[in-house]
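Notes follow the structure.
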Amino acid sequence: MLPLLLAGAGAGSTLLSSMFAGTAQDEVNNARLGVNSAERARQQALDMEASGINSGALNRYAGFGTLLADRATKLSDMYRSAVGGGTALPGTALPASSSDVVNREIDNKQAIAQAFGLQQGDARGKLQSFGDLLGTISRSQARDAGTLGQIGGYKKGSAGVQALELDAAGHAGDSNKLLADLFGGFGKAGLNAGLSQMEWLDPGINPDGSIIGAAGPTSIRGRPLIR
């Protein structure tokens, strides 16, 4: 009876060991799944941020011709204002002359100078508009490039952290693993003890198939009845 109890206890412990081992593996799998899901979410969020920055960078060149014309107008207005906005030249006051000829000549020269200044303001505004607009855009593009570099660093760092998180997730089922090992040891010991006692109680078989030392109808024509 005792060998059967030991063997039964060993089998039960082995079954419990398998159950705890399965639970431990489920915990590890769930923990790793959570780590991978969190990493995908982080990477997707960073990708979306980078995509938004790229879209904004491309949009800066949308309607470039219109932007260029507007910038040329603003620069031209600025330079034209330096020559009096078409009304009067600053700092050109001259002594009054009693000669009408001299006064007309002065007015004529001032008008020519003013027209030339206004024309040069327009030309300079148009000439510098391209470089000024492109420089403004380039500064914004450079800032975006720096931000994209930072995002790339964040993505790389996040991937590095994921490796550590996966390593930690591998220990999620440690408590159940310990129980599985303990019950596995108990099961092995119980089965070994039960089987060894059963062998000790086995009287053995004669060459003709009968049980050694048995009395009564233990075999028929050399075939054991209980084997």
Within region 152-180, residues among the charged types (D, E, K, R) and free of Cβ contacts under 8 Å to residues at least 12 places away in the same chain come out as K156, D167
Within region 149-177, residues being in a helix (DSSP H, G or I), touching a helix residue (DSSP H, G or I) at 6+ places or on another chain (Cβ under 6 Å) and small (G, A, S) number 2
- Query: Among the residues of region 59-74, is any closer than 30 Å to G157 by Cβ and at pLDDT below 90?
  - Reply: yes
ask   = Being in contact with a helix residue (DSSP H, G or I) (Cβ under 9 Å, 6 or more places away or on another chain), among the acidic types (D, E) and under 30 Å from A168 (Cβ atoms), is that true of even one residue in region 64-71?
value = no
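The values are calculated or read from the model by the stated rules, or taken from the named source; none is laboratory data. This one's a predicted model, so the numbers in the text were calculated from it and none came from an experiment. As a convention, Cβ positions derive from the backbone with ideal geometry for all residues, glycine included, and neighbour counts pool all protein chains shown.
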